[in-house]
Amino acid sequence: MRLLLIEDDKSLVKRLKPELERSGFAVDVSHNGDEGEYLGNEDIYDLAILDLGLPERSGIDVLKNWRQNDNHLPVIVLTARDAWHERVQGFQSGADDYLGKPFHSEELVARIQALLHRVNQQPGGQLKADGLTLNEETQSVTLDDGTHYTLTNTEFRLLRYFLLRQDKVLSKLELSDHVYENDADKDSNVIEVYVRRLREKLGKTRIETRRGQGYVFRSRLT
Amino acid sequence: MTSLKLRLGTGILLSISVVFFLLWLAASHSIRVMVEEQMSTRLLHDSESLLSRLQFNIPEQVQLAPTSIDSIYHRPFSGHYFIIQSGASTLRSRSLWDQGLALPTTPASGSRQLRVKGPQQQPLLVVQNVYQKQGRQIVISVAEDLTEIDSQIADFRNWFGVLALVVLLVLVLLQVFIVHNSLKPLHRTRQQIADLEAGKRTQLDTQVPSELQPLVAEFNHLLHRLGQRLQRSRTALGDLAHALKKPLTVLTQLSEDDCIRQCEDLQQQITYQSGEIKRNIDHVLKRARLAGEGPALAQFSLQRDLPPLLDTLQRMYPDKVLVPTLALEGHDLMPFDREDMMELLGNILDNACKWAHHQVSLSIAIDTALQIVVQDDGSGIDSENLHQLSARGTRLDENTQGHGLGLAIVSDVIQQYAGSIAFTPSREYSSGLRVDISLPLKQVDSPST
């Protein structure tokens, strides 16, 4: 899952970015509203974390512009102004969730996960597919036969993306877009390596290869 | 201080009445003077024609040529009389019959008018003239009855009086109407002030008479200043919150740093203290921000502000069902500040949604107060804690984020508007909490006309 963090407070970003990456998110950062709005229209992000008090363009304006242009990017608003009338205004402008500052990273991560599950129609606490359960906290996967694997960060990112997009054809490019941040060295072969590793753990039939198109993660094993 | 209307009314009524009385007096007087003037002129003519017909056939004896006298002087008590005196002899008109006239002593010369009582108690106007003819002094007194004239004048005075009263009445009614109309702007301004109090408007209308203009302008100016000051202090507080929360946010993140994580006690301390700071900032800022009564910046509108709030809560808790029951009966604008009410409803509903398993019900009704009832189907609170909650309105569970602070804000808002809050077990759901909030709608008395 690739996140866009639009926040002008650099000392906060310095703390928050590694925290989010540790939780298995690829994070791109923008420090002002103008750039943030532009990046949000790129169609490679799964979710945006938007501060409202931004230089150049206020967070509310960024949000309104996105929604006016039919950009339905899920947005968590991050703000020190968390009075109820401001919160209502935020939601009315198109926010999907609202988090008042200061906050704990765990709280933000929990909100991000809940929102991602919601927009991808994966209700309930944990991400599941037929025969396996992903634990996002411990970044581990449990199969129905009781086998338990701890995943590396990249494996976890990849599996989570598969689980949120079950039964859809996902190209290598799309996968690397959503697993790595902007400045990462993208090599489509790396995706192949990680798919192979997942197959070793989850079984060969789970991830199907569509030649020339990409991969499909199957929700049911038949 | 009596009302302007009453003072204007009595003043105008008194002055018009005095004017009409004087007018009536002058008219009756002048009509009498005019009539008597005319009558005396005629009597003088009669007297002169009598003089021309006087004969002195016998010395010491005056006589009139018999044919030449107007017959009215022959008919007994006709109301027209004369008496001619010359030396010792006196000649009376036949109309006098045998009676004389009680005339005062004859003057030496000239002419005068007198009023005397004649025969049959007739009031008479007498014109007495002294002439010299053929070396003799002749006094001719001609009299006419005033009865008829007096009654005509009395009639005139009565009619004039009645007419004057009618005109007076019409004028009074007209004046009441005019005063009422001229004071209308005052009434309107008063109504607008009541509207201000109720928060239905933010400024007074400046389309007022010039006398009222400075007052209204000054009033508006003060209102504007008050609004600005409120807005400024709110903005300043918001900025302060922002400024304080920035480093606090970083501090909160720092406490999760690996170095600090290794020292568990230290981390707990930092987390607890920064949490306390956040709570304090939030509480103080929100309390200072609460507008309270008076001309509000923006009023809470049930129709405008409630749906977005419910929509927001629904988005925050997509798996809970919010059931609103509104009995508004056409009410919309409430005399409460919009932000205060958002804070109140938002917090109380947020709490209910947090604790509910599936459903939260909100009911709003209006009688003499705004009655808000929020119930949830959560696990409820045991009776001891319930009592504590009602008594202090303070936080029970500090672990659920925002819960304690929310209730403190709620009780601040309620206190501000002299309302009440009660916590009881839910009646709608088998378990859960019911919160009753009542905010009195300040009775804006409609100004009497």
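Where a number appears in this text, it was derived from the coordinates with a stated rule and is not lab data. Owing to the predicted nature of the structure, the values given are computational and were not obtained by experimental measurement. Here Cβ is always computed from backbone atoms with ideal geometry, including for glycine, and neighbour counts include all displayed protein chains.
Against chain A, whose longest principal axis comes from its Cα atoms, helix A:59-68 is set at around 60 degrees. Per-residue shielding of A:90-96, expressed as the average number of other chain Cβ atoms within 10 Å of the residue Cβ, stands at 3. By the Cα gyration tensor, the protein assembly as shown has an equivalent ellipsoid whose semi-axes, rounded to whole angstrom, run 114, 24, 21 from largest to smallest. In this calculation the C-beta distance from residue B:89 to residue B:121 is compared with R0 = 22 Å, giving a FRET efficiency of 0.20. The magnitude of the dipole of the protein assembly as shown, with charges of +1 and -1 set on the Cβ of Lys/Arg and Asp/Glu and taken from the Cα centre, is near 2600 debye.
Using a cut-off of 30 Å between Cα atoms, the listed pairs A:128/B:245; B:286/B:320; A:128/B:278 include A:128/B:245; A:128/B:278 as exceeding that distance. Relative to the Cα centre, the charge distribution of chain B, modelled as +1 at Lys and Arg Cβ and -1 at Asp and Glu Cβ, gives a dipole magnitude of about 2460 debye. Look at where the Cα atoms of region B:227-266 and of region B:150-179 average out, and the two centres are 84 Å apart. Every pair of different Cα atoms in chain B enters the Kirkwood calculation, which places the hydrodynamic radius at 32.2 Å. Can you give the translational diffusion coefficient of region B:22-144 in µm²/s, computed by Stokes-Einstein from the Kirkwood radius over Cα pairs at 4 °C and 1.567 mPa s? Rounded, D is 85 µm²/s. Across chain A, the relative contact order, built from alpha-carbon pairs under 8 Å that are at least six residues apart, equals 17 percent.
Here the extension length gained between residue B:65 and residue B:217 equals 45.4 nm, from 0.36 nm per residue of separation less the Cα-Cα distance.
With contacts taken as Cα pairs under 8 Å at a separation of at least 6 residues, region B:4-151 carries a relative contact order of 19 percent. Expressed as a whole percent, how much of the Cα-Cα distance distribution for region A:2-119 exceeds 18 Å? Across region A:2-119, Cα pairs with separations above 18 Å total 44 percent. Extending 7 Å from the Cα toward the beta-carbon at both residue A:67 and residue B:44 defines two label points whose distance is 10.6 nm.
Helix A:188-202 and the longest principal axis of the Cα set of chain A meet at an angle near 60°. Mind jotting down the distance between the C-alpha centroids of region B:77-139 and region B:421-440, whole Å? Using only Cα atoms to place each centre, the spacing works out to 112 Å. The distance linking region B:300-352 with region B:13-67 is 96 Å (Cα centroid to Cα centroid, whole angstrom). The largest-to-smallest principal axis extents of the Cα set in region A:63-222 are 52, 35, 30 Å. Shielding value for A:69-81 is 2, the average number of Cβ atoms from other chains within 10 Å of each residue's Cβ.
Distance between the pseudo-spin-label points of residue B:226 and residue B:103 (7 Å out from Cα toward the beta carbon): 9.0 nm. Shown is the FRET efficiency for residue B:178 and residue B:37, computed with R0 = 35 Å from the Cβ-Cβ distance and rounded to the nearest 0.05: 0.25. Computed packing ranks the peptides B:133-145, A:70-82, A:163-175 as A:70-82, B:133-145, A:163-175, most packed first, by mean other Cβ atoms within 10 Å.
Sorted largest first, the principal axis extents computed over the alpha-carbon atoms of region A:127-217 equal 35, 27, 20 Å. Averaged over the residues of B:244-257, the number of partner chain Cβ atoms lying within 10 Å of the residue Cβ comes to 6. P(r) tail, region B:97-245: Cα-Cα pairs separated by more than 24 Å, 70% of all pairs. Against the longest alpha carbon principal axis of chain A, how many degrees, from 0 to 90 and to the nearest 10, is the axis of helix A:105-119 turned? Between the helix axis and the principal axis of chain A, the angle is about 70 degrees. Of all complete DSSP H helices in chain B, those with a Cα span along the helix axis of 18 Å or greater and a mean Kyte-Doolittle hydropathy of 0.5 or more are B:4-52, B:147-182, B:403-416.
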